[in-house]
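Laboratory data are not the source of any read-out in this text; all were calculated from the coordinates shown. Keep in mind that what you see is a predicted model, and the values were worked out from it rather than measured. With ideal geometry, Cβ positions are generated from the backbone for all residues, glycine too; neighbour counts draw on all protein chains shown.
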Amino acid sequence: MILGRPTKSRRRPRLPVQERTSPSPAWSDKRLVWACLRGDDQAWSALIDKYKNLIYSVPIKYGASPEDAADVFQGVCLELFSELPHLREIAALRSWLITVAARKYFHLMRSQRKRAGAEAETDNKVVLPVLVEELEGEQMIREAVERLPSRCREMIRLLFYEHPALPYSQVAERLGLATGSIGFIRRRCLQRLQQILEESGF
């Protein structure tokens, strides 16, 4: 019996990186929005996860209760879902979300005053530019943290987002590191965070 030459196995074509990875909050707004418009449910979840803190922070800045902030959040998500195909400037998504969240909060407050029989305010409140700048800055920091390596990302959260702040010993225990190494790694992580922020135009 004559054996033929072994046939070469056909390799499957490699997909581009962006097609092989699942959507995440670390993706750019443009990439997430395009994926959402293609019907990608994971992209929608990632987009909301990326901006949930920003949306919540708007009514909280105005003194809203957690319940009212949750109502505003739901309203903004619904409007974003319906308006997503019509957004003209995806690069301005952050400021658009801030404006919509503020408008939803003001409307909610007027409705609550009317139901309570109180006189509604006649002046139209506007979102102060300084507030928009502050909220956008906070969002840029959140996005920069998401771009850090996983260990740095977790360390930043443990050191700066926990209330009350955790001592180095607890941070080291949670990360499985030596307590004496926390200070050095912290400096390296903050340097990387600063670099990402500078690249983003912060």
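Would you mind counting up the charge near Pro25? Only other residues with Cβ under 12 Å from its Cβ, with Lys and Arg at +1 and Asp and Glu at -1. Don't skip to the answer; put the middle values down first.
On the way: positive: Arg31, Lys50, Lys52, Arg142, Arg147, Arg153; negative: Asp29, Asp49, Glu143, Glu146.
Charge balance near Pro25 sits at +2.
Only Cα pairs under 8 Å and at least 6 apart count here; give the relative contact order of the range 23-123 as a rounded whole percent. All intermediate terms of the calculation are to be shown ahead of the outcome.
Numbers: 75 pairs, mean separation 26.5, N = 101.
So the answer I get is 26 percent.
Once label points are set 7 Å from the Cα along Cα→Cβ at both Asn53 and Thr21, what is their separation, rounded to one decimal in nm?
2.0 nm
Between Asp71 and Gln42, with labels modelled 7 Å along Cα→Cβ, what's the label distance in nm to one decimal, could you check?
With each label placed 7 Å out from Cα toward Cβ, I get 3.6 nm.
Using a Förster radius of 35 Å, what is the FRET efficiency between His86 and Lys114 based on their Cβ-Cβ separation? Nearest 0.05, please.
On the way: r = 30 Å, r/R0 = 0.86.
My answer for the efficiency is 0.70.
Between Val130 and Leu166, what's the calculated FRET efficiency when r is the beta-carbon distance and R0 is 35 Å? Round to 0.05.
Working: r = 32 Å, r/R0 = 0.91.
Result of the calculation: an efficiency of 0.65.
If neighbour count is taken as other Cβ atoms inside 10 Å, put Asp49, Asp29 in order from fewest to most.
On the way: Asp49 13, Asp29 17.
Sorted ascending by nearby Cβ count, the order is Asp49, Asp29.
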